[in-house]
Amino acid sequence: MAMLLEDIVQSVELWLKLIKKPEPYVDPNLDPVLLVPGIAGSILKAVDDDGKEERVWVRILGADYKFRTKLWSRFDPSTGETVSMDSKTNIIVPEDRDGLYAIDVLDPDMVIGRDSVYYFHDMIVEMIKWGFQEGKTLFGFGYDFRQSNRFLETLERFAAKLESVYSASGGKKISIISHSMGGILVKCFMCLHSDIFEKYVKNWIAIAAPFQGAPGYINSTFLNGMSFVDGWEQNFFISKWSMHQLLIECPSIYELMACPDFHWQHIPLLEIWREKQDSDGNSKIVLESYVPADSIPVLTEALSMNTVNYDGEIIPLPFNLEILKWANETRKVLSSAKVPPQVKFYNIYGTNLDTPHSVCYGSVEAPVTDLQKLPFFKAKYVYADGDGTVPVESAKADGLNAEARVGVPGEHRGILCDRHVFRILKHWLKADSDPYYDPLNDYVILPTLYEIERHQERGFEVTSLKEEWEIIAADQDDQDTMANRKPLVSSIRVTHVGDDQSSREEAHASVIVHPQSEGKQHVVLSAVSVSASA
């Protein structure tokens, strides 16, 4: 029996070897690609004095406790570093899979709801289908997102990464794909180390980068915190309050505030309904509005009494003016950015979603009586077009000489798994074989209805067909003009009569093209075919 069982096991193993998946397609002509994530987009591990490692971002089990004990930090203005409150903890980014592990699935242990912690996962899978190969032409750069985007240690690691990718790929120049705040990090590096950037980089593609800040989102983050995970999963995740206390001491967040020197088409405001006393002692409710530069005293007062209890010690965490000073220096660095002559820059930004632009607290019925109570008020937004996080106006204003800027309908993090974005990237990375594809005039056809019916009617065979499509493309025309246009209707009729007059075929088709609205155009095709045979 034992021998029979062993034979069966060997047979199964041989069978498995025979049906194993073929080796993935590898295109040796592709240039290497380096993926750079945005804020909160890298796995972080805590290492203690004994060398013991544990993942502290992202994790579900014990997430909030580990987050507070290991990641809560204080800013050191003498070095520009954000240092963990736990003096025995050192935060590192894992380098497994040539850096891809840290930016792929942020909690690899999750089974249910795993897609909520995907970062570059879908893009990595897609690029491997195109012929990219991990460790040869596909790499990742994770980093401690608590730190400033011009933090010396991060930039030194980035320089070393560029050199190692260049060597691993046989001396080929690199295409960088950055997402969100990763675009600010790459831009800082390009400013401060333009010689290294030009030596190793061929293309830089920025996706959903907040080049002039994310005004509404960041203002509410300072006052109310933020959730990295939406939906039911956030109940098992980091609380908004815990995230709030971390981000108040993060230079990277201050560097995402609305740029006060940018010429906004619509200036982002911090608005507060307040109760005021007039000269006669009568109270009235007024709406106070603060432009970015004037909102600092409000944030300072609102967070002046903010504290955390860390290991039994009450630690004040007010709005940090030292970090603000550091962030203002970062903006000065970014304002001098220029793309080196040998490097091509591309910009993809998200559109078609309501995106926080200005933020308002209180109401006529419930005004704010004490600024220190602002963190307990729910934010209400004035929205602009964008990706839900970064307004289009900010994402487009890169201040660089761009080869192309393309808007894609999509959500800030969801845009990383958008098929339209994949099509554009495939073209820019020269991983396709269509020399005529133009991302600027791109369109996507989505089938919305398909019906076909056949039946016999008095000796005739009748076939009817109805198809509907939605064509999504950039809407360059004036919306009012488009709305007033009438649908375009075209039709065609074809008749065929047999030589012996015994058979007859007839077909009629009509196409209705409805006016384009918000980048979408509806097309309806109806066709009927009638045939008879004696």
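Remarks
- Ligands, DNA and RNA are left out, and with a 1.4 angstrom probe the accessible area of the chain is 51 Å² per residue.
- Highest mean packing comes first when the peptides 307-318, 324-335, 211-222 are listed by Cβ atoms within 10 Å, giving 211-222, 324-335, 307-318.
- Amide H partners (placed H, <5 Å) of residue 203, local residues excluded: 174, 175, 176, 344
- Relative contact order (%) - criterion: Cα under 8 Å, at least six apart; region: the chain: 12
- Lysines with Cα under 26 Å of residue 284, excluding same-chain neighbours fewer than 8 positions away: 276, 373, 378, 380
- Neighbourhood charge, 10 Å Cβ-Cβ cut-off, centred on residue 135 and excluding it, Lys, Arg +1 and Asp, Glu -1: 0
- Once backbone amide H atoms are built at 1.01 Å from N, residue 82 has 76, 148 as its partners under 5 Å, excluding neighbours fewer than 5 places away on the same chain.
- Accessible area of region 237-355 belonging to carbon and sulfur atoms, whole % at 1.4 Å probe: 51
- Counting 0.36 nm for each residue step from residue 195 to residue 354 and taking away their Cα separation leaves a gain of 53.3 nm.
- Counting charges near residue 349 (Lys, Arg +1; Asp, Glu -1) among other residues having Cβ under 11 Å from its Cβ returns a value of -2.
- Long-range tail of P(r) for region 85-188 (Cα pairs > 17 Å, %): 58
- DSSP-defined beta bridges in the chain - what % are antiparallel, rounded to 5: 75
- Subtracting the Cα-Cα distance of residue 401 and residue 376 from 0.36 nm times their residue separation leaves 4.7 nm of extension gain.
- Given 136/430; 129/396; 52/240; 173/430, the pairs whose alpha carbons are separated by over 20 Å: 129/396; 52/240
- Percent carbon-and-sulfur accessible area, region 131-201, ignoring ligands, DNA and RNA, probe 1.4 Å: 48
- Taking amide H positions as modeled 1.01 Å from N, with prolines and chain starts lacking one, the residues under 5 Å from residue 352 and 5 or more places away or on another chain are 386.
- Burial order of peptide ranges 154-162, 524-532 (average beta-carbon count within 10 Å, highest first): 154-162, 524-532
- Gain upon complete extension [residue 164, residue 432; 0.36 nm per residue less C-alpha separation]: 93.9 nm
The values are calculated or read from the model by the stated rules, or taken from the named source; none is laboratory data. What you are looking at is a predicted structure, and each value in this text was computed from that prediction instead of being measured. Heads up, the Cβs are rebuilt from the backbone with ideal geometry, glycines too, and the neighbour counts pull from every protein chain shown. SASA here: full protein model, heavy atoms, side chains in, ligands and nucleic acids out. Shrake-Rupley method; radii C 1.70, N 1.55, O 1.52, S 1.80 Å.
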